1. Rg(Cα) of region 51-147 divided by 2.2 N^0.38 Å?
2. Relative contact order for region 110-214: what is it in percent, counting Cα pairs under 8 Å that are at least 6 residues apart?
3. Give, in nm to one decimal, the length gained when the segment between Asp143 and Gln87 is fully stretched (0.36 nm per residue of separation minus the Cα-Cα distance).
4. Quick one: which residues, 5 or more positions from Leu25 or on another chain, have an amide H under 5 Å from its amide H? H modelled 1.01 Å from N in the peptide plane, none for Pro or chain starts.
5. Treating each Cα of region 110-214 as an identical point scatterer and ignoring solvent, apply the Debye formula and state log10 I(q)/I(0) at q = 0.14, 0.18, 0.23 Å⁻¹.
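FYI, it's all coordinate maths here, none of it is from the lab. If you're wondering where the values come from, they're calculated on a predicted model, not measured in any experiment.
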Amino acid sequence: MKNMKIQILLLITLIVLQGDLSAKLYKWVDEDGKVHYSDKVPPEYIDQAREELNKSGVVKGSVDRALTPEERQQQAAELARQQQQAQQQAELKKQQQAERNKLIKSYSNADQITRLKNERINALQRNIELAEENLIIQKRNLDDLLKRAADRERSGGVVSDAFTAQIEKSREQIKNQQMFIFDKTEEIKATEEKYDNELAKYLYYTGQTKSIETFKDTGDTQTIKEDQ
């Protein structure tokens, strides 16, 4: 430490004697950890971190070391990631604004969303009920066809191709009816989810709740809890 102070004093004295009071004094550390002082930075240390001292030996500025190619690549990648994230956030905000405008334009109040949901679900449930009634009839018809075919075979007769085709057609109708019921049941679930989400977003965009995530659907009752 004593030697360092002596070096600084000698350099400052030299600068003063030369009459160049505006000259700069630099301090840097080489790869071996040795501290250097000079009024000029050698070319081999130009990329090293360094401090600039005034004529009193007080630090008045500093220069960070130059980045390695790998660090520059990482820095560029991080900058690109931040720019992409900012772009995604801006796009999301734009989409949310468009969604907000659409919801507020589509519905006059939250009760309207619930009413439309119930109307749509009731219509789907009526379709399912009718399909289930038809399914019962179709199954009875199939049972009757199978019984007639069995009776004919027991009596030594032959079941014609046309009658067999009629049985297969009946089975296909039952299968289609079951698929119709399944599809309508899934449509009810999708309808509930659609209107529940729209209600949650409507309440959020109109300031009636603080967070979309706090919305919970409990059958016919919607519960909204504001974030604390």
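1. Values: Rg = 34.7 Å, N = 97, 2.2 N^0.38 = 12.5 Å.
Normalised Cα radius of gyration, region 51-147: 2.77.
2. Working: 56 pairs, mean separation 47.2, N = 105.
Answer for region 110-214 is 45 percent.
3. Details: separation 56, 0.36 × 56 = 20.16 nm, distance 6.39 nm.
Contour length minus Cα-Cα distance gives 13.8 nm.
4. Leu53
5. Here the Debye-derived log intensity ratios amount to -0.69, -0.88, -1.10.
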